[in-house]
Structures are given as structure tokens and as C-alpha cells.
1. Report the residue, chosen from 143, 200, 212, that carries the largest GNM mean-square fluctuation when the chain is represented by alpha-carbon nodes joined by springs under 10 Å.
2. For the Cα atoms of the chain, what angle does the longest principal axis make with the long axis of helix 58-70, in degrees from 0 to 90, nearest 10?
3. Which of 108, 225, 238 has the fewest other C-beta atoms within 10 Å, and how do the rest follow up to the most?
4. Could you tell me how many degrees, from 0 to 90 and to the nearest 10, lie between the Cα long axis of helix 88-98 and the main elongation axis, the longest principal axis, of the Cα atoms of the chain?
5. Based on DSSP, what percent of beta bridges with both residues in segment 1-132 are antiparallel, to the nearest 5?
6. Taking every Cα atom in segment 129-248, find the radius of gyration and the maximum pairwise distance Dmax, and write them in Å.
7. Sort 181, 5 so the one with the fewest other Cβ atoms within 10 Å of its own Cβ comes first.
8. Among DSSP bridges having both ends in the chain, what percentage is antiparallel? Round to the nearest 5.
Ligand code: SAH
């Protein structure tokens, strides 16, 4: 039997936000590979093998998935959100690039999912209605100097900025530093949205301004959105109009 590898994302939390294509891929798997809490979101099936691992070992996990697929198994790698956004799909291709030549011929497929940024935006209105970018504040895989350069460029270009991985126990100070950098080019009144557990029953939203935003509100389950110059309130919603306005 020929093996295959499908990389899926469970979406941001609630079951309805997992796509039918992802559910079908999971149902057809002989082996599920992923970070423990993401695997826990998938219903248990007695005939499937589960390979749960720690958060920090993505490359090892990707290599395990590739060798299982090469041995003929139907493997599904499970990420959260979308598998291509700061997640396992890229790790799988990193492992292919540095691994066995035969892995390049494997049947590898990526199923898209609802990423945290989209679920977070939907909780508050339409903050991503104009041009936006996404930056991960984690400096595990890139230097903090690179993060700072991208934050400055994003602020200068007046993007709405979605910040993934805004804080962790090992990195408590970076979000505060990111706000400092964004304040250089962005107005103090710019809306800042902290959305925790977006797209799940426990979703929680805090709306602040760039001048007053408290970085301590964010944790590993929070997505932070910093508005553009046009991002504003209407009623109880926050949105960014599609139309450009003159900057003063
Ligand atoms: N592949 C994932 C992102 C992985 S990076 C995706 O597409 O969503 C992990 C970061 O994503 C977290 O630190 C947090 O910033 C964000 N995140 C993931 N799920 C979230 C959720 N339900 N609500 C808010 N932020 C979330």
C-alpha cells in the first residue's frame, strides 16, 4: 500500500470551525501525529495510532510523520488553526528538504484551516478589512532584530498588524517592546484588540488603545491585532474600512 501524508489544522477551537475536508482526512488516517493538546481536539478512534509529542519538537515530529508515510501508512499531521500559518506544514517541508531523497516523491497534501487571525477578527467586527500583515513575536526560529525590523516596517506602511505568539512565560517582555516600536509611527489612539481563545466558547475580547494597551493581558492563547490609521469603532464593533483615507 502506498503511504500518504496530509497536514491539517483543527481551526481555532470550536468543532464547527474544523473544515469537512480536514474531518475526512482525519477519518481516513491510520496514524495521527501532533502536539498533544491539538490531538486532544480530534475524536478518538480505536483503530488509529496516535503519536503525541511536545510543542518544541516540530522537526522531529515532521520526520516521524514522513517516515511513517514512507513505510506505507496513511498519516495525518494535526496543527491548530491553519497548518501553513506558523505551524507544521512548513516544518514538514523543512524535514523533506533536509531528509531522505525519497521523501520528495511522497504523496503530501495540505488542507487549509481557519487561522487564529481570522477567528479573532470575526469576534470584534472587521479589523482586517484593509491591508494587513501577520508577524509572530516568537524569536525561537528568527532573531529579535528581525522581528523589530518587520514591526517598524509594518507600522511605517500603515498595515493592520496581527501579532501571533505575543507572549509566553519564557518571553514576557516582547509584546511591550513591540508596542513601543509601533507607537513610533502609529497614533496613540490606534485600536489594539486582545482576543483570547478566539473562535471557541471561551473567547474573550479586550479593546484598548496603543497608548494604553497593557501587554500583560496577552498570553499564549491570545492574538493581538493593532489597527491601521483608519481602524475605528462603529457601535460595539471595530472595523477597518476598505477605502483609503488621507493621512494627516
Ligand atoms: N497555526 C496556528 C498558529 C500557531 S502560532 C493558526 O493558524 O492559528 C500559535 C499562536 O496562535 C498563539 O500564541 C496565539 O497567538 C495564536 N492562536 C492560536 N489559536 C488561537 C485562538 N483560538 N485565539 C487566539 N489566538 C490563537
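Please treat every number below as a calculation from the coordinates, not as lab data. Remember, predicted model here, so these are calculated numbers, not experimental data. Note that we place each Cβ from the backbone using ideal geometry, even for glycine, and neighbour counts take in every protein chain shown.
1. 143
2. With rounding to tens, the tilt is 30 degrees.
3. On the way: 108 20, 225 26, 238 23.
Least crowded to most crowded, the residues run 108, 238, 225.
4. Rounded to the nearest ten degrees, it is 60.
5. Values: 1 of 20 bridges.
Antiparallel: roughly 5 percent of the beta bridges in segment 1-132.
6. Cα radius of gyration and Dmax of segment 129-248 are 13.8, 41 Å respectively.
7. Sorted ascending by nearby Cβ count, the order is 181, 5.
8. 40
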